[in-house]
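Let me begin by presenting the structure, written as structure tokens, before commenting on it.
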Amino acid sequence: MFPGAAPFLARFLPHSPPTHTGLSVPFCDLHALLRHFHDQGWYGYLHAQLGDQHAAVLLYEGRAVTAASVSGTGEQALGDLLGLYEQGAVLSAHPLTPPLAHALSGVGSRAWKVDVTGDFTGLHVCASGATFYAGGGAVATLPVTLPYEGAFPAPLRPQTLMLPRSLAGWAHHSYTLTLRGRDALHPITDVHRTFRLGHGPLGLGFLRALREGLTPAEHALRGDLTLHDLEPLLRDFVAEGLVRGE
């Protein structure tokens with residue numbers, strides 16, 4: 001799709017007609033779109049461009065798992081895409097099959113010297129082009145190369161990228177339960193019954209994680225949740241006097 005791109009992820013994205021295109025701030029809330037893709041378990045990539053600045057984010061099962069921009073990879077690049085969008089970049093969403101998305105999920109800032117044998121899943125690049133592998137079998141080729149031969153092994157289950165601290169500092173902070181918050185986790189109390197009715201299992205799990213000392217970002221990673229789901233819950237916890245920031 002972007003054969004001349006410097007960031008590796010963008011360079012190896014297959015051509016895919018967009019399901020969504022021309023998206024911009026006045027018409028589409030990007031966080032709502034990401035929540036929609038998460039609920040759908042969508043596979044594909046998002047691309048945003050503003051002048052000569054651009055960024056791409058790969059979604060796997062609706063979760064952002066790797067990203068690349070002109071200035072970085074991973075969480076930084078995810079932040080770059082959100083920043084470009086807020087500055088007026090136009091965004092498009094391009095679907096991929098699950099095997100292609102999985103093969104791309106290991107593409108980061110460098111290729112590795114890895115033998116492509118057995119059940120290898122990922123991307124292998126040599127002088128003749130790039131080959132996508134799933135479980136040891138080649139599933140696609142792409143006429144795009146690197147200056148050297150290497151591979152990008154895909155993780156068994158790609159991990160969700162978190163928003164960087166610069167954009168979601170609240171998610172990286174620790175929170176302390178108040179006495180009321182501790183009561184909300186005791187089944188014999190009226191506070192617990194009210195809390196359970198209002199916030200359900202998701203809220204109970206989140207409050208227990210905060211009691212154990214996890215940050216919202218750590219809880220999201222462990223539970224395969226999105227920060228978009230946790231942010232309104234945290235606001236409610238603070239407003240209801242259940243937790244306080246440290």
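The values are calculated or read from the model by the stated rules, or taken from the named source; none is laboratory data. Being a predicted model, the structure only gives us computed values, none of them experimental. Cβ coordinates were reconstructed from backbone atoms using ideal geometry, including for glycine residues, and neighbour counts include every protein chain displayed. In case anyone asks, the SASA skips ligands and DNA or RNA and just uses the protein heavy atoms, side chains included. Shrake-Rupley method; radii C 1.70, N 1.55, O 1.52, S 1.80 Å.
Would you mind pulling out the separation of the Cα centroids of the range 92-106 and the range 217-246, in Å?
29 Å
So how strong a dipole does the chain carry about its Cα centre when Lys and Arg Cβ are +1 and Asp and Glu Cβ are -1, to the nearest 20 debye? Working shown, then result.
Values: 16 positive and 20 negative charges, 66 e Å.
Using only the charged Cβ atoms, the result is roughly 320 debye.
Which of these, PRO14, PRO98, PRO147, has the largest mean-square fluctuation under a Gaussian network model of the chain (Cα springs below 10 Å)?
Highest fluctuation among the options: PRO147.
Can you divide the C-alpha Rg of the range 92-246 by 2.2 N^0.38 Å and report the result to two decimal places? Could the numbers behind the result be given before it?
Values: Rg = 21.8 Å, N = 155, 2.2 N^0.38 = 15.0 Å.
Ratio of Rg to 2.2 N^0.38 Å for the range 92-246: 1.46.
Taking only Cα atoms, what is the 0 to 90° angle, nearest 10, from helix 30-40's long axis to the longest principal axis of the chain?
80 degrees
Please give the helix 190-211 orientation as an angle from the longest Cα principal axis of the chain, in degrees from 0 to 90, rounded to the nearest 10.
Around 40 degrees separate the two axes.
What angle, in degrees between 0 and 90 and rounded to the nearest 10, separates the Cα long axis of helix 74-86 from the longest principal axis of the Cα atoms of the chain?
Roughly 80 degrees, rounded to the nearest 10.
Heavy-atom accessible area per residue, the chain, 1.4 Å probe: how many Å²? Working shown, then result.
Details: 11730 Å² over 246 residues.
Result: 48 Å² per residue.
Rounded to a whole number, what % of the accessible area of the chain do carbon and sulfur atoms account for, probe 1.4 Å?
54 percent
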